[in-house]
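Just below is one structure, and these are the notes that go with it.
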């Protein structure tokens, strides 16, 4: 393949339809570093920065917002979640923390490694564990 053709394909970025773009701009005004990817026939995934935080969101092709995942630090999660997690686990193996929001719920996902296994813990805002997955 010629160099000019490779550049053409490399430079082409998926652009979501007008309904998706409008919904995104209304929900996340003034976002930066926006990168769109079509994840299926009817879904669009977007990575971006909003209020200095790295985020990812999912929209359907009609512009309906489905989910937002925000990367956060330990000190940004509710204190009750911190206490509940530290009752059973140590922060030494802490890998990533995400705040996951959907139209129906808001949860915090904490990924950590223990000496025996990797674990994904899901907490609601009150600190109640709502899911646990051994990886």
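The values are calculated or read from the model by the stated rules, or taken from the named source; none is laboratory data. Because the structure is predicted, anything quoted here is derived from the model rather than measured. Heads up, the Cβs are rebuilt from the backbone with ideal geometry, glycines too, and the neighbour counts pull from every protein chain shown.
For the reader, a short list of remarks on this structure follows.
- Scope the range 103-135; condition in a loop (DSSP other than H, G, I, E, B), within 17 Å of the chain's Cα centre (by Cα) and surrounded by fewer than 13 Cβ atoms within 10 Å (Cβ to Cβ); matching residues: 103, 104, 105
- Per-region count, the range 19-59, residues in a helix (DSSP H, G or I) and under 20 Å from residue 72 (Cβ atoms): 1
- Per this entry, residue 84 is counted among residues that are crowded, with 16+ Cβ neighbours inside 10 Å and outside any strand (DSSP E or B).
- Residues of the range 89-102 that turn out to be at pLDDT below 90 and assigned to a loop (DSSP other than H, G, I, E, B), as a count: 2
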